[in-house]
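Enquirer: Below is the structure I would like to discuss, written out as structure tokens.
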Amino acid sequence: MATPGSVVVWEWFFHATHWLPYEPIVSNYIETTYSQWAARGGARAWPNQSCVELKNIKSSLSVLTVDLVTMSQTNQSTGTRHVS
């Protein structure tokens, strides 16, 4: 979770070679969702609500989900999962 004044950058897996930062608006969306989920008890309290669907923030990312428990990215159309 971010501390006041800090900047959190979430990343996505690029062409099976390396991780690149999401755009600030997407990274902020993931971090806000993560912070709210963690504040409500995270995986212990909400085990079935640990995935962030990026289509909610940007339609071009509609096939991607971020799992807050495993800190992984999954392409829903291919089933490919990348863990940071």
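The values are calculated or read from the model by the stated rules, or taken from the named source; none is laboratory data. Remember, it's a predicted structure, so these values are computed and weren't measured experimentally. We place every Cβ from the backbone using ideal geometry, glycine too, and count neighbours over all the protein chains shown.
Enquirer: Please enumerate the residues belonging to the range 11-33 that are under 16 Å from THR74 (Cβ atoms) and either at pLDDT 90 or above or hydroxyl-bearing (Ser, Thr, Tyr) (or both).
Expert: First pass over the range 11-33, keeping only residues under 16 Å from THR74 (Cβ atoms): 11-14, 16, 19, 22, 26, 30, 33.
Correct list: TYR22, VAL26, ILE30, THR33.
Enquirer: While we're looking at this one, here's another question. Considering the range 38-61 alone, what residues qualify as being small (Gly, Ala, Ser) and surrounded by 14 or more Cβ atoms within 10 Å (Cβ to Cβ)?
Expert: Taking the range 38-61 as the starting set, the residues that turn out to be small (Gly, Ala, Ser) are 38-39, 41-43, 45, 50, 59-60.
Passing the criteria: ALA38, GLY42, ALA43, SER50.
Enquirer: Restricting to the range 62-84, name every residue that is of a type outside the set (Val, Ile, Thr) and either surrounded by 11 or more Cβ atoms within 10 Å (Cβ to Cβ) or farther than 22 Å from HIS18 by Cβ (or both).
Expert: Filtering the range 62-84 down to residues of a type outside the set (Val, Ile, Thr) leaves 62, 64, 67-68, 71-73, 75-77, 79, 81-82, 84.
Within the range 62-84, SER62, LEU64, ASP67, LEU68, MET71, SER72, GLN73, ASN75, GLN76, ARG81, HIS82, SER84 qualify.
Enquirer: How about the range 19-46: which of its residues are under 21 Å from THR80 (Cα atoms) and free of Cβ contacts under 8 Å to residues at least 60 places away in the same chain? Show your work before the answer.
Expert: So in the range 19-46, the residues under 21 Å from THR80 (Cα atoms) come out as 19-22, 26-27, 30.
Residues satisfying the conditions are LEU20, PRO21, TYR22, VAL26, SER27, ILE30.
Enquirer: Moving on to the next point. Take LEU54 and decide whether it is within 20 Å of ARG81 (Cα to Cα), of a type outside the set (Phe, Trp, Tyr) and touching a residue at least 40 places away in the same chain (Cβ under 8 Å).
Expert: Criteria not met by LEU54.
Enquirer: SER35 passes all but one of (1) loosely packed, with under 13 Cβ neighbours inside 10 Å; (2) farther than 15 Å from THR65 by Cα; which number fails?
Expert: Only one criterion is unmet by SER35, namely (1).
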